[in-house]
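Before any comments, here is the structure.
No value in this document is a laboratory result; all are computed from the given coordinates. Because the structure is a prediction, the values reported are computed rather than measured. For neighbour counting, all protein chains shown are included, and Cβ atoms are generated from backbone atoms with ideal geometry for every residue, glycine included.
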């Protein structure tokens, strides 16, 4: 059983009590797992918030972080003092936790892979893992690939999470695990046993132009695409767009890299989206925010609100084929929300509308079910606006940007 709660108040302890009260009404006894997200306004009171939650919900495991904004039910509070909670009773589920410091290898350590698999709880009953981390002190570019490998051959266990976003300066965020609170590092929670955890990762980008193979590259620089100078290829591809289509490039140019090169053709969800961060005009090269290799297949992308809306809606339509969720952990980028969609509550509202009970008769013909902020959620949902979102694509876990990642919890029966 899951429960969600939101407390919006200038007083951090009052906000925490409000969120706890909403969860306690549904759970009626202690929680096995509690996620808490604390807005940037209450960073200094994060320890007090955690103390109130431990007293009110008696969680076996309490994890959380500070954020630029928090989410609960159909409400996204992007810049208001608040606390959101997703709490759960999980019979038949075993939880294990550790700090990311315990996951990072010492150069002299020979059995790091085995230790990492042990910390992750790798095995046939591992259902999912969750990571919340400070963006300035956790080397996810090395850690996530190690965790992917630690799952074991043939296992595609999803890892969800996000980077704390309350501050853009080192030391300005807080990450907590039970009664320990730190301004650096991160926490990992592994979930094993009688639960199903499905992944939804919506990058919200529209591809354009053909696919190309990288034929010359170094680190994060792409010099040639299909044997031609990269900038020449990009310029020609963009010039083929109509003036209206080029409007989408105002939000930036993106490059999608194919995740699984063994597929015969590539569609939605097959590309890992990365920002084009600069150009080297002297060498006609393109720079992206990830290292690349010769032989990788790529395609240009653009991002816009309509594409992001449609992409999320399509992924949610696929989720409707399965049993209704018991709860949802929703982590979305700080660049989405009002900034992208021009109005509040887009991602949270879309998820709750998708899983709302279907109306009958005349009401079923209406174009949607309105879910107003503050109303009781049909599915308990909570989360936060992150500085980077963690979720899987084609069985491999990545850090994303401008993306919404949802862990959808269902009964394993």
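A few points about this structure:
- Computed lengthening from residue 60 to residue 275, 0.36 nm per intervening residue step minus Cα-Cα distance: 73.5 nm
- Between 0 and 90°, nearest 10: helix 12-27 axis offset from the chain longest Cα axis: 80
- Relative contact order of segment 1-46, defined on C-alpha pairs under 8 angstrom at six or more residues apart (%): 35
- Compared with the direct C-alpha span, the chain from residue 10 to residue 293 gains 96.9 nm at full extension, assuming 0.36 nm per residue.
- Modelled spin-label separation between residue 178 and residue 228, with each label point placed 7 Å from Cα along the Cα-to-Cβ direction: 6.0 nm.
- Using a simple spin-label model with pseudo-atoms 7 Å out from Cα toward Cβ, residue 339 and residue 153 lie 4.4 nm apart.
- In range of the label at residue 215: residues from segment 258-286 whose backbone nitrogen is under 20 Å from the point 7 Å along Cα→Cβ: 258, 280-286
- Principal-axis tilt of helix 305-319 within the chain, Cα atoms, nearest 10 degrees: 60
- Residue 265/residue 322 FRET efficiency (R0 25 Å; Cβ-Cβ; nearest 0.05): 0.45
- Averaged over residues, the count of other Cβ atoms within 10 Å places the peptides 149-156, 14-21 in the sequence 14-21, 149-156, highest first.
- Between the C-alpha center of segment 293-334 and that of segment 243-285 there is a gap of 16 Å.
- Relative contact order for the chain: 21 percent, from Cα pairs under 8 Å spaced at least 6 residues apart, divided by residue count.
- Modelled label positions at residue 142 and residue 283, each set 7 Å beyond Cα in the direction of Cβ, lie 2.4 nm from each other.
- Directionally averaged projected area (convex hull, Cα atoms, segment 205-302), nm²: 5.9
- Gyration tensor (alpha-carbon) shape descriptor, segment 22-141, a/c threshold 1.5: oblate
- Residues in segment 61-104 reached by a label modelled at residue 411 [backbone nitrogen below 15 Å; 7 Å Cα→Cβ]: 89-93
- In percent, rounded to a whole number, the relative contact order of segment 1-121 is 33, using alpha-carbon pairs under 8 Å and six or more apart.
- Residue-averaged [θ]222 nm for the chain, counting only DSSP H segments that reach four residues, each worth -39500 (n - 2.57): -6500 deg cm²/dmol
- For segment 1-90, the normalised intensity computed at q = 0.26 Å⁻¹ comes to -1.32 (log10 of I(q)/I(0), Debye sum over alpha carbons, equal scatterers, no solvent).
- C-alpha long axis of helix 230-239 to longest principal axis of the chain, angle in °: 80
- Estimated FRET transfer efficiency (residue 104, residue 244; beta-carbon r; R0 45 Å; 0.05): 0.40
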